[in-house]
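Accompanying notes for the structure given below.
The values are calculated or read from the model by the stated rules, or taken from the named source; none is laboratory data. Here the structure is a predicted model, which is why all the values come from computation and not from measurement. Here the Cβ positions follow ideal geometry from the backbone for every residue, glycine too, while neighbour counts run over all protein chains shown. Accessible surface areas use protein heavy atoms only, side chains included; no ligands, DNA or RNA. Shrake-Rupley method; radii C 1.70, N 1.55, O 1.52, S 1.80 Å.
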Amino acid sequence: MGSGPFPTELNDDIGERIRQEGSEFGATTGRPRRCGWIDLPLLKYAIQLNGVTDLIMTKVDVSIMDEIKICSAYLTEEGETQEVPLAIAKTLNRFTTLSLAGKRILRKRVQKRTCQLN
């Protein structure tokens, strides 16, 4: 579905590994979903643009990596910025690496609860 800019998209073995381990395929079509590192400037922009008040993080239990990368800024012709540039497809990403090696990932399962209306 999505074909827009995805600055942190992983079109490599890491992206494929994340896709396979996280079962990132369309439920109806089986089409592979696009996978990439979290992009904090783009997330911040989407929150501001859409008035988001809550975020839900999913797939935290898919802990197949010893480290993850977080996009914290963009490198443009004008220099480094944490703002989303207009020509986002032409930027480089500045990543911060977060080591997960030796860390214990807590897994919680949310139980579905049903309510009966009287």
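Brief remarks on what is shown
- Complete set of residues in the stretch 26-46 that are part of a loop (DSSP other than H, G, I, E, B), open to solvent by less than 60 Å² (accessible area, probe 1.4 Å) and either of a type in the set (A, V, I, L, M, F, W, C) or in contact (Cβ under 8 Å) with a residue 60 or more places away in the chain (or both): CYS35, TRP37
- Every test in (1) open to solvent by less than 100 Å² (accessible area, probe 1.4 Å); (2) modelled with pLDDT of 90 or more; (3) part of a loop (DSSP other than H, G, I, E, B); (4) not hydrophobic (A, V, I, L, M, F, W, C) is passed by ARG94 save one, and that test is (3).
- Subset of the stretch 2-25 that is part of a loop (DSSP other than H, G, I, E, B) and touching a residue at least 24 places away in the same chain (Cβ under 8 Å) - its residue that is nearest to MET65 (Cα to Cα): GLY22
- One residue from LEU49, LEU55 being assigned to a helix (DSSP H, G or I) and free of Cβ contacts under 8 Å to residues at least 24 places away in the same chain: LEU49
- Taking the criterion of being closer than 18 Å to ASN93 by Cβ and out of contact with any Phe, Trp or Tyr (no Cβ under 6 Å at 6 or more places or on another chain), the residues of the stretch 3-33 that qualify are GLY4, PRO5, PHE6, PRO7, GLU9, LEU10, ASN11, ASP12, ILE14, GLY15, ILE18.
- Count of residues meeting criterion [open to solvent by less than 40 Å² (accessible area, probe 1.4 Å) and touching a residue at least 40 places away in the same chain (Cβ under 8 Å)] in the stretch 66-80: 2
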